[in-house]
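Rule-based calculations on the coordinates, nothing more; no lab input. Please read these numbers as outputs of a predicted model, since none were measured by experiment. Glycine gets a Cβ as well: all are built from the backbone with ideal geometry, and neighbour counts include every protein chain shown.
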Amino acid sequence: MYIYDKYDQTIARERVTEFTQQVKRRLAGELSEDQFRPLRLMNGLYLQLHAYMLRVAIPYGTLSAKQLRKLADIAEKYDRGYGHFTTRQNIQYNWIKLDQVPELLAELATVEMHANQTSGNCIRNVTADQFAGVAGDEVEDPRIVSEIIRQWSTFHPEFSFLPRKFKFAVTGAPKDRAAIQYHDIGIHIVKNEAGEIGYAVYVGGGMGRTPVVAPLINAFVPKAELLSYLEACLRVYNRYGRRDNIFKARIKILVRDLGPGEYKRQVEEEWQRIRGTGIDIPPEEEARIRSFFKPPQYETIAEPVHSFVEAQAKNRSFARWVETNVHPHKVPGYGAVTISLKPIGGIPGDASTDQMRAIADLAEKYSLSELRVTHVQNLVLPNVRQADLHAVWQRLREIGFAEANIGLVTDIIACPGLDYCSLANARSIPVSQRISERFADLDKQHHIGPLQIKISGCINACGHHHAGHIGILGVDKAGQEFYQLTLGGAGDETASIGQLLGPGFSSDDVVGAIEKVIDTYLGLREKPSETFIEAYRRVGPVPFKESLYGGH
Amino acid sequence: MAVIDRNGPIANSWVHLADDAQPAKGQSVIVSFARLKNEHNSLFSASTAVGVEVVGDVVLEDLEPFLPRLGIIVVRMPNMRDGRIFSTGRLLREKYAYKGELRAIGDFIPDQARFLLRCGFDSFEVGDAFPVDSLKQAVATYSVWYQRATDRGATIIDQRTSGVS
Ligand code: SF4
């Protein structure tokens, strides 16, 4: 993991001072709410329906056990004993008091954490593949470049008041687990024919009311020149992105209006001018940051690990959990465990203080003290010896997080929705809870196979419904909560946008509609191994429309 | 109205000239860009110093021919969320090598001064109620920064790689 040096520490400390002053000036009336709003947003502080919400950054989703323990303490001390892990790999607290924020930030800084740029029209927390460093298919650990971007974008003097928010995602593997083409800039680490590492840069993707899969703008930016290239990308956007209409202000609209070819040309022209002018970091600095992501000291373990094999043979529940929740590790004898924060009937992504502490203990004992947050709102223990998996599973059962449902129908993403969010049309969380209860039977879930349901409470699409195999969008219909269904979205390397099926369903009917969609799929799949998304891509929306709307 | 820099109030001899007013003899005037384009010959031939006020959407290529003769460029921030001013500053300094004074005016708040300074601005024109002390405090809050910008002082990366502490 990256460890702060004295400079990072200084920045963190000075940031707490700055925000403390800003809160004081707000409370004294020197800053109006309009003036304070961008400042507090840049510190992840939202005014929600009932209280302030604070979003704490978990850069590229990597967390130490010590940090998780601090997050648990904060949930206990400043919130109501809960934290909520988000699709941006961050954590949110929903019941925060403004005057306690400075103190809270100071506590976070003691474990090298902050809430910088987790909201507002600036460069947001960079997200990355949750299996960074442990996945076997990786060209390079995406956290190295993510940390480089984190530092470069922190309080960037030119790009802190962009037309709109700006999100980066990085993947280091051909299998895209970070949904990079749904981001303002998606970076894919690649190797060219000469074997050199560089970056394929996609620009102008996004969710929201105009979902766009980002076009490729540069197939190979040399490793040493990424920051100057990104600076050129951002400068063109900062100058020409629309500022007259909030719904047209994201970079995806600029790239669409200019056309990817013209956008690329403008970026290229600017890049040629600024290349080699000291924006890029020198190789020594890259090497310094890289050194923090060296693989830990793994043991040499011969596979198969007999105790592990036996435990699976003896215990069907454990075997099933291994099947869905343990990802192969590049080092023999290890596995990466995804802890499901989606217990049946629970709130997706929520963890209590006690649960966080228990997971921090597990990380310390079994995963070299490291954790990850996934953009599907789960946690990962990346480095577990196979021989320890059974013990980990047992402990997770005790805390209610051993659901063997990763990637299955109850592994749902849901935005906060009308329970918390002032922009919402409809509730998201209760719908996800009811779907989860309807499909609680694990045999049935495994029978259905891989299926991602994603729920947003309004068109802003924080629940990524466009990228859901089944997307659910809350709409307001004459003051009633209604839900539209989209099918066929995907957020991986085969990214696609879900298509609207037809008129929405009432809150009472939506779960039944989902069940019908799934039954239709089960009836038409060619074989059990044909997944929902594969089947949908083969047959299209018609059979689903027929079963839902009677074919008229 | 006051003009300040990072340390507080500074002397100012520039006056904003309305489009229908004529410069007095020896006056240093700031005119609109439209007027500069139309009347640059007569404006520059008078013995007065000339500056221009622009907003974020200014086409810098159009401004370029005048740059060597401008004593000041005032960039207006129409509202505090309009961040084009930062790119305008950097481009004027770094791409067009503008050497005169660069001043911000408009709806910025003290906390943005630090960024404006890093993007090539020298001074700020503010209303009488502007909290000057907060600006000084905001500018002084940070002792280090990560990224290169117009100000060429050592970045954190420079300090790390040169071993300076
Ligand atoms: S999608 Fe809409 S309702 Fe859900 S969190 Fe975002 S803004 Fe709020």
In order over region B:70-78: 3J(HN,Hα) from phi, Karplus 6.51/-1.76/1.60, θ = phi - 60°, whole Hz, x for each Gly or Pro, gives 8, x, 8, 10, 9, 10, 8, 9, x
³J(HN,Hα), Karplus 6.51/-1.76/1.60, whole Hz, each residue of region A:231-236, x for Gly, Pro
4, 5, 4, 6, 5, 4
Karplus (6.51, -1.76, 1.60) ³J(HN,Hα), θ = phi - 60°, over region B:114-127, in Hz, Gly and Pro reported as x
4, 5, 4, 4, 5, 9, x, 7, 10, 9, 9, 9, 10, x
Given the C-alpha atoms of region A:114-262, compute the convex hull and give its volume per residue in Å³.
109 Å³
Suppose R0 equals 41 Å; then what is the FRET efficiency for A:D508 and A:D354 from their Cβ-Cβ distance, rounded to the nearest 0.05?
0.75
At R0 = 56 Å, FRET efficiency that the Cβ-Cβ distance of B:A24 and A:K516 yields, to 0.05:
0.10
Using only the Cα atoms of chain A, what semi-axes does the equivalent ellipsoid have when each is the square root of 5 times a gyration tensor eigenvalue? Give whole Å, largest first.
33, 29, 26
Between A:A440 and B:D128, how many nm apart are label points set 7 Å from Cα along the C-beta direction?
7.1 nm
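With respect to the cross-link table entries A:K70/A:K365; A:K175/A:K527; A:K165/A:K252; A:K6/A:K97; A:K70/A:K97, which display a Cα-Cα separation exceeding 20 Å?
A:K175/A:K527; A:K6/A:K97
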From the square roots a ≥ b ≥ c of the eigenvalues of the alpha-carbon gyration tensor of region A:6-109, which class results: rounded (a/c under 1.5), prolate (a/b over b/c), or oblate?
oblate
If I take every Cα pair under 8 Å that is 6 or more residues apart in region A:172-223, average their sequence separation and divide by the length, what percent do I get for the relative contact order?
34 percent
